[in-house]
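Accompanying notes for the structure given below.
The values are calculated or read from the model by the stated rules, or taken from the named source; none is laboratory data. All values derive from a computational prediction rather than experimental measurement. FYI the Cβ positions are ideal-geometry reconstructions off the backbone, even for glycines, and counts take in every protein chain you see. For accessibility, only protein heavy atoms count, side chains too; no ligands or nucleic acids. Shrake-Rupley method; radii C 1.70, N 1.55, O 1.52, S 1.80 Å.
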Amino acid sequence: MCISARVYAAYDPSDPFITYVEFGLKTDSNVFGIGSVTPTTFSGRKDTLVFDSAAGLHYDYTASRQHFLVDADVYRTDFQKFSQVNYNGWHKSGTWNWAAGDQVLGSLKYADNRDLTEFNQLSLGQGDITRQRAWDWSSTYSMNAGLAFLLNADRQFFRHNQLNYLDANANTYGVGLAWTSNKGTSIILRDDFLKVDYQQDLLFLSAADRGYKLSAPAIELIEPITDALKFDTNLARATTTQNVSQSKGATVIWGTSATWQATGKTKLIANYQRRFSPLGADTSNTLTTTRSIEYSWQYSEKLSLDIQHYKTDSDYTEFSLGGARQEHISDYHATADWQLTKAIDIKLYGDHTTRMSTLAANAYSRNQAGLKLRLNY
């Protein structure tokens with residue numbers, strides 16, 4: 001015990017190299033997202049205890065104007081009543097934030113994540129593991145009068161051990177121009193080009209025919225009204241070209257957010273976004289509208305509270321997983337974070353989710369409550 005105390009005492013959050021272990025326990029009232037009208041092979045069982053354990057590291061090093069970051073963790077999740085879906089996962093990333101002279105800045109990042117797909121996308125009792133790897137490069141060339149030229153490119157790989165028809169490669173290239181005033185107002189004009197190639201045939205479509213291209217010219221305005229209040233609004237016109245028919249469809253996507261730092265301890269964020277579903281999550285592009293509000297309160301140096309509420313509306317097409325339907329998800333989440341000592345952090349959290357759907361079998365409610373303990377070294 002004395003050795004442990006000395007180890008914890010030696011921990012300093014400003015150290016360039018940090019390691020940690022984390023343990024979690026939560027109760028889940030409906031782990032598979034089963035609707036009340038859905039027959040189940042588990043004799044009506046929906047609830048379970050979930051045990052998590054993880055070990056990780058963080059490395060932060062600066063050499064002159066070059067900045068290097070490494071983050072990695074491995075973790076294990078065990079379900080008390082449903083051991084058939086226990087799994088191991090990881091998150092790994094490395095970032096190089098570079099500078100060449102006074103005008104050119106950039107970033108190069110690689111990430112590799114292995115996680116469990118949400119159960120509500122799967123057959124009951126099935127566990128699908130998603131591995132996502134990505135390279136991301138971006139650069140900014142600063143010119144006169146607050147102008148900057150932007151370039152970016154990334155390549156992503158999605159692989160599933162069950163839902164193989166979602167396996168895909170995606171390439172994105174972007175170019176933009178940004179202007180920033182002396183008062184902090186920013187206007188960004190950009191165009192991003194996305195190409196998606198699926199790796200598996202699906203029904204009557206070959207892998208090559210399932211792919212598509214997307215172009216999204218956009219404008220973004222970032223406006224600090226006061227030191228405490230900031231608005232961010234973006235608007236884009238996304239044009240999708242399907243490989244199978246070369247047909248094009250245009251959709252307006254947009255979003256706006258407001259951040260209010262009411263006091264040094266209190267912050268409020270309101271957000272509205274109309275976007276496509278994330279890559280690798282569905283068999284077709286799904287339009288999703290999300291409205292959220294988040295309240296953060298730093299009660300003291302050691303104790304903080306965060307409350308979030310999300311509402312998400314999704315319009316799924318006939319080519320989506322589960323077929324054509326409309327779904328509405330409401331989620332309430334609260335987290336209390338207590339830094340017991342400099343090296344020991346404790347989190348208590350609770351979550352309530354309801355999903356309404358035009359397909360009755362997809363409607364469900366779910367409650368979660370849990371505890372996480374993190375020890376830093």
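Gly127 satisfies every condition listed in (1) surrounded by 15 or more Cβ atoms within 10 Å (Cβ to Cβ); (2) part of a strand (DSSP E or B) except (2).
Entry remark, the range 264-273: residues being open to solvent by less than 70 Å² (accessible area, probe 1.4 Å) and at pLDDT below 95 number 0 in total.
Residues in the range 234-255 that are in contact (Cβ under 8 Å) with a residue 24 or more places away in the chain, surrounded by 15 or more Cβ atoms within 10 Å (Cβ to Cβ) and part of a strand (DSSP E or B): Ala238, Thr240, Thr241, Gln242, Thr251, Ile253. Does Thr226 satisfy the condition of being closer than 20 Å to Ala270 by Cα, among the hydroxyl-bearing types (Ser, Thr, Tyr) and open to solvent by 40 Å² or more (accessible area, probe 1.4 Å)? For Thr226, the condition - closer than 20 Å to Ala270 by Cα, among the hydroxyl-bearing types (Ser, Thr, Tyr) and open to solvent by 40 Å² or more (accessible area, probe 1.4 Å) - is met. When only residues in the range 74-113 that are surrounded by 13 or more Cβ atoms within 10 Å (Cβ to Cβ) and hydroxyl-bearing (Ser, Thr, Tyr) count, which is nearest to Ser139 (Cα to Cα)? Filtering the range 74-113 for residues that are surrounded by 13 or more Cβ atoms within 10 Å (Cβ to Cβ) and hydroxyl-bearing (Ser, Thr, Tyr), the one nearest to Ser139 (Cα to Cα) comes out as Ser107. Taken over the range 194-223, the criterion of being touching a residue at least 60 places away in the same chain (Cβ under 8 Å) and open to solvent by 40 Å² or more (accessible area, probe 1.4 Å) is satisfied by Leu202 alone.
Beta carbons closer than 7 Å, at least 6 apart along the sequence or on distinct chains, pair a first residue in the range 162-183 that is farther than 30 Å from Arg114 by Cβ and open to solvent by less than 60 Å² (accessible area, probe 1.4 Å) with a second that is basic (Lys, Arg) and not in a helix (DSSP H, G or I) for Val175/Arg190; Gly176/Arg190.
Taken over the range 232-266, the criterion of being under 22 Å from Gln298 (Cα atoms) and over 21 Å from the mean Cα position of the chain (by Cα) is satisfied by Trp260, Gln261, Ala262, Thr263, Gly264, Lys265, Thr266.
Residues that are open to solvent by 60 Å² or more (accessible area, probe 1.4 Å), modelled with pLDDT of 85 or more, closer than 25 Å to Arg114 by Cα and under 22 Å from the mean Cα position of the chain (by Cα) are absent from the range 30-45. Of note, Gln80 does not satisfy the criterion of being more than 30 Å from Ser357 (Cβ to Cβ) and modelled with pLDDT under 95.
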